[in-house]
Amino acid sequence: MALREIITVGHPRLRMRSRLVKKVTPEVRALIRDMVETMHEADGIGLAAAQIGELVRAIVIDVPEDEDVPGSGKLYTIINPEIVKMGRETEVGTEGCLSVPGYIGEVERATQIVVRGLDLRGKTFRLRPRGFLARVFQHEIDHCDGVLYIDRLTASDRIWPVKVGEEEQEEVKRGAAQEKARKEAELQPAAVLAD
Ligand code: ZN
């Protein structure tokens with residue numbers, strides 16, 4: 001296992017489409033292990049292979065059940081993830097991204113989706129994430145197509161600076177973050193990210 005460097009906005013690979021995995025080889029499994037290790041080390045709750053510069057359709061997600069206990073959630077690793085069904089109901093919430101350090105922004109996402117993908121043995125499976133977990137899946141699957149949450153802001157000024165390293169925690173405490181962000185937005189002119 002190895003820690004990998006997370007690339008950030010401005011890096012061209014972050015904007016490219018990742019390719020489908022044809023066969024789940026030991027190399028693909030090694031890549032997934034690196035992604036999990038890198039995500040945990042960065043205190044992230046999700047990571048796509050594109051974020052470590054590997055243009056391969058693969059994502060890992062680990063949202064802690066208890067935000068104070070790292071590793072208390074369920075770890076999802078999905079190869080060739082695909083949203084096969086998107087619920088009509090949507091919800092506005094804030095998101096952060098390890099590749100957009102120092103910011104959180106407001107994005108509208110479906111609250112229920114059906115995701116299909118391959119597991120580490122190459123077997124097809126389906127998941128039905130709801131609520132915040134559905135949001136994280138949509139965010140990570142976007143990365144496979146070179147799409148960032150900053151492309152999906154509810155409005156161009158619905159993005160706010162946060163202390164670097166706190167984006168993901170803020171994401172988990174999204175209620176509090178939204179409240180904080182609203183107050184910040186009232187106090188200062190909105191910072192628009194130059195991407
Ligand atoms: Zn991200």
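Residues of the stretch 81-128 that are within 16 Å of the ligand (Cβ to nearest atom) and not hydrophobic (A, V, I, L, M, F, W, C): 81, 93, 94, 95, 96, 99, 101, 102, 103, 105, 106, 109. Among residues of the stretch 85-116 being hydrophobic (A, V, I, L, M, F, W, C) and surrounded by fewer than 21 Cβ atoms within 10 Å (Cβ to Cβ), the one that is nearest to residue 143 (Cα to Cα) is 100. The residues in the stretch 56-80 that are in a loop (DSSP other than H, G, I, E, B), aliphatic (A, V, I, L, M) and surrounded by 15 or more Cβ atoms within 10 Å (Cβ to Cβ) can be counted, and the count is 1. Considering every residue within the stretch 19-37, establish whether at least one is at pLDDT 95 or above, within 14 Å of the chain's Cα centre (by Cα) and either under 21 Å from residue 147 (Cα atoms) or more than 14 Å from the ligand (Cβ to nearest atom) (or both). The answer is yes, given that some residue of the stretch 19-37 is at pLDDT 95 or above, within 14 Å of the chain's Cα centre (by Cα) and either under 21 Å from residue 147 (Cα atoms) or more than 14 Å from the ligand (Cβ to nearest atom) (or both). In a residue-by-residue description of the stretch 83-105, the property of being more than 16 Å from the chain's Cα centre (by Cα), at negative phi and of a type in the set (A, V, I, L, M) applies to at least one position. Taking (1) at pLDDT 95 or above; (2) under 15 Å from the mean Cα position of the chain (by Cα) in turn, residue 64 satisfies each apart from (1).
Working only within the stretch 6-39, note down all residues that are touching a strand residue (DSSP E or B) at 6+ places or on another chain (Cβ under 7 Å) and assigned to a helix (DSSP H, G or I). Result: 28, 31, 32, 35, 36, 38, 39.
Of all residues in the stretch 81-107, exactly one satisfies the criterion of being among the hydrophobic types (A, V, I, L, M, F, W, C), over 12 Å from residue 162 (Cα atoms) and assigned to a loop (DSSP other than H, G, I, E, B), namely 98. Among the residues of the stretch 128-160, those identified as farther than 14 Å from residue 95 by Cβ and either within 11 Å of the chain's Cα centre (by Cα) or not hydrophobic (A, V, I, L, M, F, W, C) (or both) are 128, 129, 130, 144, 145, 146, 156, 157. In the stretch 122-195, counting only helices (runs of 4 or more DSSP H) that sit wholly within it, the ones holding 1 or more residues that are modelled with pLDDT of 95 or more span 131-143. Only one of the numbered conditions (1) in contact with a strand residue (DSSP E or B) (Cβ under 8 Å, 6 or more places away or on another chain); (2) in a loop (DSSP other than H, G, I, E, B) is violated by residue 3, and that is (1).
If you filter the stretch 37-58 down to residues that are touching a residue at least 40 places away in the same chain (Cβ under 8 Å) and out of contact with any Leu (no Cβ under 7 Å at 6 or more places or on another chain), you find that the one that is nearest to residue 117 (Cα to Cα) is 48.
The values are calculated or read from the model by the stated rules, or taken from the named source; none is laboratory data. None of these values were measured; they are calculated from a predicted model. Note: ideal-geometry Cβ built from the backbone for every residue, glycine included; neighbour counts use all protein chains shown.
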